[in-house]
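Below is one structure, written out as structure tokens; the observations come after it.
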Amino acid sequence: MPRNVKTTVGLPGGPTRELTVTVHELDAPRWDAAARLRVVGTDVPRVDGPAKAAGAARYTYDVARPRLAYCRLVRCFRAHAVVREVETAAASKLRGVLGVRTLVGPGGRVTFSGKGVVAVCAESEEALDDAVHAVRVTYDVRPGPATTDDARDDAAARVDPRRGNAVPDARGPERRGDPDAALARSHAQIALTFRTQVQTHSALETHGCIVEPGADDTYTVWASTQGTGAFQASMAQALGVPVESVRVITEHMGGGFGAKLGGIDEWDREAALFARELGRPVKAMLDRREEHLVAGCRPDSVQALTLGADADGSLTALVARTLGTAGNGANGADAANTRVYAVPNLLREQTNVATFTGRARAFRAPGHPQGMFALEGAMDALAEALRIDPLALRLRNDPHPLRQVQWRLGAERIGWERLRSAGPGTGSVRRGVGCAAAIWYQKGGGNWVVRVDVRRDGSVTAASAVQDIGTGTRTVLAVLVAEELGIAPARVTVRCGDTRDPAGPPSGGSQTAPSIGPPAREAAVRAREGLAEVLAREWGVEASDVAFEGGAFTAGARTATFDEACALLGPEGLSVSGTRRANYDGFHGETAGCQFAEVEVDTETGVVRVVRVVAVHDAGRIVDTLTARSQVVGGVIQGISYALHEERQLDRNLGDMVNPTLDTYRILGIADCPEIDCVLTSLDSGFNNAGMMGLGEPVTVPTAGAVANAVSHALGVRITELPITPARVLAALRRPR
Amino acid sequence: MSGRERGERRGVTRRGLLKGAGAAAAAGVIARPAAALAQHADDGVEIAGPGPVHLVLRVNGAAREVEVEPRRTLLDALRGDLDLTGAKRVCDRGTCGACTIWLDGAPAYACSVLAIEAVGSEITTIEGLGTPAAPHPMQAAFARRDALQCGFCTPGFVMACAWAAETHGAALDDATLRRSVCGNLCRCGTYPHVVQAALEGAREMTAARDSGAGDGAKGGR
């Protein structure tokens, strides 16, 4: 029977909310704020840490198969071209070459640098190299504007010949109230245009897979993917076989950050077709240049913001007009530059600009780091115009009850008042402090299932097709199951990333943990109940009389440890499942967070050094505080890297990327990594039996904004463009005030 | 230690090897180029390749035989021929450190060394340092401190940190460590935990060496 439960959700000692929720009859009992937990909420080392540290963890890239063949695409490195001629005969005749297939024939059009034109398969990597170099393709190169500015020109070549490159977003403008009238009445207003760059995901393991044909038209596929389910379905379609005939395995995954969502890619398909044709396993994985060019990126942006406020700092109106490119597709302008603060009058307009470049893909908090950089820059500029403290302006306009707590917490940790009142100093190295908000929306969902098997010898396995992409999903499942069974997390074997096990969520949108954690808990509770029933039979009591406390089952004077209970199981053990139930009502639909950055800027060289970051974040209940801190720290580091270093640079005439390597496309290194102080405001979100929410994305949302505001504070000049390179710092200093 | 010093010490230079098996024979290491593909230049110098050649590599204390083309990198030979897949190919140009191994006790990027160049050297890979069940103190510290997320850069970082710890011993501090391993890149953002783990692992290695209990002094300079 569904039952109603009265509960208090939120932060103990902070903002809370009283609720009555109707709990699903089969769901695990909800953990509320008062729940006393043994391992949940503590530092638990990652369960696959020892294997990873020993180099024993096998990634898709590491899988060795007998008779493995290799596949790669010959690519066109021009932004816009028409294929004139394709010569593959010489390549086909080379020793070790197993197959050559033309993907774009004469007359075919290429609209981004990196497009695959010919697919090649060979029995060794060396033979593949030779074959790729032996393929001759000639092109008629056409003008192909690759930058957002060039592509907007009316005379520019069109990506889609039927329409201009700049197209208003199909969803239309977002409008609230009367922003023009409100701005006219405002006590103060500022207007600024912010620009951000294209960032590539640069996961260390590149995209790709191995496809191995088996008996009866079945296939085993090892894939570096963020969604085993989507990969399985799209691979089955490409091979023309039922979904059940394809097994996808992603045991360990070397980073994705959004670029490995959404099923197979061109190269995966070609590998699969060669595998089917040759009857042997075929591996296709991108090299670093390909990864930069064809496997996704974060769109750039030009964001014109006008923001107005009353004399007391209350926001009155926000107008945000954004341009952006997602490459030769149709999106790109979706910068989240109007969320977070309460504004009664709003206009948000977006124009997507098609360019002759590889397509953008979801990238850790799509639209948010760029949007928050602009919004928070505008907030600081407005505070300056109003002559009030930037933090006070935020506190006045931030409607999220938890972020109100977090702003104060973070300000105290960074020493906001001290740093603001000390000012940037007068030497050649100036000091600044800035802040920005995080926001995210993920409560998890779906109807995913986790299976838990308990054996006579006390071994416990939790299984789901969900992949652990480095976020610690495997460990979260181990902790939740261990909590319910009264054992150590290390005793739980978690089998992840195999589509033979119950389907799990894709790892995108920070949905993984809150989607798959609750059913793991439910399954573990089922397993505990199953053991109690076995004990009840053994002891001749009712199952309901068997209690479980402190890691032991008891009924009257009788007691049994977990292992003793397991020993009573039959040879088949106990196999139970838990299902993700629909979300309940909860504390707040948005996760909250904020970050503060302290920087030093050398005004002679223009070099920015981030000294310290304080990151305060919420993700509902934190299951493992150690791996959660890793997530936060990682988000901050990616954010600093985006703020200061990363930029896809294109040859303006040819449209090819001129920095497609890891030495020329710079990411933040260990020597430049600041001290990062991570504060987790763990609370009961109420939305599911464990109170969990998502963490991966919000933690990288505010960083660039906070760093840029700190640099602006240090310089006394507003930074409006990323990345904040030394050249831009020096240029900003030369701008007339 | 520079690659040049290493090359001189084992009496094999890259140029000598590319030129022919003469230098290699002098080092007494290369066995026999696969006969069918061995070529002889006019000057009588025996040239290895372009077909596969037979090499004996000393990996993690054992002699391992491979049959590889001279152009094959040590990284590809370790991974593809010897199934030692801990070292990763990420940047493929000596920028990221994910393929860090030790050649004669000093870190090297296996992506930038030919397999044939490594003949005669002691090669240590992450697998030679320890195992999940019996980890090296640095590996244990990485796992304990969560100095990894996706883990793809981790073997390279462990090799670089363990070398820094052996080299600097008790003198290893935050700044020295960061400088020692700044040739390694991580995309998940594990650096602060890497620093914590490396300093902790280094202390344990020093303690083990001082008590004479461990093999942490291996190759110590």
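Structure notes:
- Segment A:508-533: number of residues that are touching a Ser or Thr at 6+ places or on another chain (Cβ under 9 Å) and among the hydroxyl-bearing types (Ser, Thr, Tyr): 2
- When A:LYS52 is tested against (1) outside any loop (DSSP other than H, G, I, E, B); (2) within 14 Å of chain B (Cβ to nearest Cβ); (3) open to solvent by 20 Å² or more (accessible area, probe 1.4 Å); (4) touching a residue at least 40 places away in the same chain (Cβ under 8 Å), just one condition goes unmet, and that condition is (3).
- Output for segment A:299-313, where each listed residue is in contact with a Pro (Cβ under 9 Å, 6 or more places away or on another chain) and either surrounded by fewer than 24 Cβ atoms within 10 Å (Cβ to Cβ) or in the same structural domain as A:GLU125 (by TED's automatic domain parsing) (or both): A:THR306
- Taken over segment A:207-232, the criterion of being surrounded by fewer than 24 Cβ atoms within 10 Å (Cβ to Cβ), in a loop (DSSP other than H, G, I, E, B) and in contact with a helix residue (DSSP H, G or I) (Cβ under 8 Å, 6 or more places away or on another chain) is satisfied by A:THR218 alone.
- Enumeration of residues in segment B:165-190 that are among the hydrophobic types (A, V, I, L, M, F, W, C), in a helix (DSSP H, G or I) and out of contact with any Lys or Arg (no Cβ under 9 Å at 6 or more places or on another chain): B:ALA171, B:ALA175, B:LEU177
- When we screen B:ALA141, B:ALA147, B:ALA202, B:ALA162 for residues that are surrounded by 24 or more Cβ atoms within 10 Å (Cβ to Cβ), more than 18 Å from A:LEU668 (Cα to Cα), touching a residue at least 40 places away in the same chain (Cβ under 8 Å) and facing chain A (nearest Cβ under 10 Å), the only hit is B:ALA141.
- Subset of segment A:553-580 (residues that are at pLDDT 95 or above and aliphatic (A, V, I, L, M)): A:ALA555, A:ALA560, A:ALA565, A:ALA567, A:LEU568, A:LEU569, A:LEU574, A:VAL576
Rundown of residues vs (1) open to solvent by 20 Å² or more (accessible area, probe 1.4 Å); (2) outside any strand (DSSP E or B); (3) in contact with an Asp or Glu (Cβ under 9 Å, 6 or more places away or on another chain), yes/no style:
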| residue | (1), (2), (3) |
| --- | --- |
| A:ARG403 | no, yes, yes |
| A:ARG418 | yes, yes, no |
| A:ALA437 | no, no, yes |
| A:GLN442 | yes, yes, yes |
| A:ASP453 | no, no, no |
| A:THR471 | yes, yes, no |
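- All of (1) part of a loop (DSSP other than H, G, I, E, B); (2) in the same structural domain as A:PHE112 (by TED's automatic domain parsing) hold for A:LEU26 with one exception: (2).
Each row is one residue, and each column tells you yes or no for (1) touching a helix residue (DSSP H, G or I) at 6+ places or on another chain (Cβ under 7 Å); (2) away from chain B (no Cβ under 14 Å); (3) in a loop (DSSP other than H, G, I, E, B).
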{"position": "A:GLY255", "(1), (2), (3)": "no, no, yes"}
{"position": "A:LYS260", "(1), (2), (3)": "no, no, yes"}
{"position": "A:ILE264", "(1), (2), (3)": "yes, yes, yes"}
{"position": "A:ALA275", "(1), (2), (3)": "no, yes, no"}
{"position": "A:ARG280", "(1), (2), (3)": "no, yes, yes"}
{"position": "A:GLU291", "(1), (2), (3)": "no, no, no"}
{"position": "A:ALA304", "(1), (2), (3)": "no, yes, no"}
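- Cβ separations smaller than 8 Å between residues 6+ apart or across chains give the following pairs from segment A:400-429 residues that are in the same structural domain as A:VAL613 (by TED's automatic domain parsing) to residues that are in a helix (DSSP H, G or I) and open to solvent by 80 Å² or more (accessible area, probe 1.4 Å): A:ALA411/A:GLU417.
- Among (1) buried (at least 21 other Cβ atoms within 10 Å of the Cβ); (2) at the interface with chain B (Cβ under 8 Å from one of its Cβ atoms); (3) in a loop (DSSP other than H, G, I, E, B), the one test that A:GLU646 misses: (2)
- Counting only strands (runs of 3 or more DSSP E) that sit completely within segment A:62-137, those holding 2 or more residues that are within 14 Å of chain B (Cβ to nearest Cβ) and on the phi < 0 side of the Ramachandran plot correspond to A:69-76.
- From the list A:ARG175, A:ARG152, A:ARG185, A:ARG162, the one residue that fits, being without any contact (Cβ under 8 Å) to a residue 60 or more places away in the chain, open to solvent by 80 Å² or more (accessible area, probe 1.4 Å) and of a type in the set (Lys, Arg), is A:ARG162.
- Some residue of segment A:135-148 being crowded, with 17+ Cβ neighbours inside 10 Å and touching a helix residue (DSSP H, G or I) at 6+ places or on another chain (Cβ under 8 Å): yes
- Residue list for segment A:618-630, restricted to those being within 16 Å of the chain's Cα centre (by Cα) and either within 14 Å of chain B (Cβ to nearest Cβ) or open to solvent by 10 Å² or more (accessible area, probe 1.4 Å) (or both): A:THR627, A:ALA628, A:ARG629, A:SER630
- First in segment A:663-678 and facing chain B (nearest Cβ under 7 Å), second anywhere and β-branched (Val, Ile, Thr), Cβ under 7 Å, 6 or more apart: A:ASP663/B:THR95; A:ILE670/B:VAL181; A:ILE670/B:VAL194; A:CYS673/A:ILE637; A:ILE676/A:VAL613; A:ILE676/A:VAL633; A:ILE676/A:VAL636
- Restricting segment A:382-399 to residues that are in a helix (DSSP H, G or I) and aliphatic (A, V, I, L, M), the residue that is surrounded by the fewest Cβ atoms within 10 Å (Cβ to Cβ): A:ALA392
- When each of A:THR20, A:THR16, A:THR42 is tested for being outside the structural domain of A:SER224 (by TED's automatic domain parsing), in contact (Cβ under 8 Å) with a residue 60 or more places away in the chain and open to solvent by 60 Å² or more (accessible area, probe 1.4 Å), the lone residue that passes is A:THR16.
- Unique residue being open to solvent by less than 10 Å² (accessible area, probe 1.4 Å) and either modelled with pLDDT under 95 or at the interface with another protein chain (Cβ under 8 Å from one of its Cβ atoms) (or both) when the list is B:THR131, B:THR154: B:THR154
- Residue count for segment A:333-356 under the criterion of being open to solvent by less than 10 Å² (accessible area, probe 1.4 Å) and touching a Ser or Thr at 6+ places or on another chain (Cβ under 7 Å): the result is 7.
- Selection from segment A:38-49 of residues that are part of a loop (DSSP other than H, G, I, E, B), touching a Ser or Thr at 6+ places or on another chain (Cβ under 8 Å) and more than 7 Å from every other protein chain (Cβ to nearest Cβ): A:GLY41, A:ASP43, A:VAL44, A:VAL47, A:ASP48
- Scanning segment A:233-264 for residues that are crowded, with 24+ Cβ neighbours inside 10 Å, farther than 21 Å from A:TRP448 by Cβ and of a type outside the set (Phe, Trp, Tyr) returns A:GLY254, A:GLY255, A:ALA259, A:ILE264.
- Segment B:64-92, subset in a strand (DSSP E or B) and of a type outside the set (S, T, N, Q), residue farthest from the other protein chains (Cβ to nearest Cβ): B:GLU65
The values are calculated or read from the model by the stated rules, or taken from the named source; none is laboratory data. Bear in mind the structure is a predicted one, so any value in this text is a computation, not a measurement. Ideal geometry is used to build each Cβ from the backbone, glycine not excepted, and the neighbour counts take in all protein chains shown. Ligands, DNA and RNA are stripped out before the accessible areas are found, and what is left, the full protein with its side chains, is counted by its heavy atoms. Shrake-Rupley method; radii C 1.70, N 1.55, O 1.52, S 1.80 Å.
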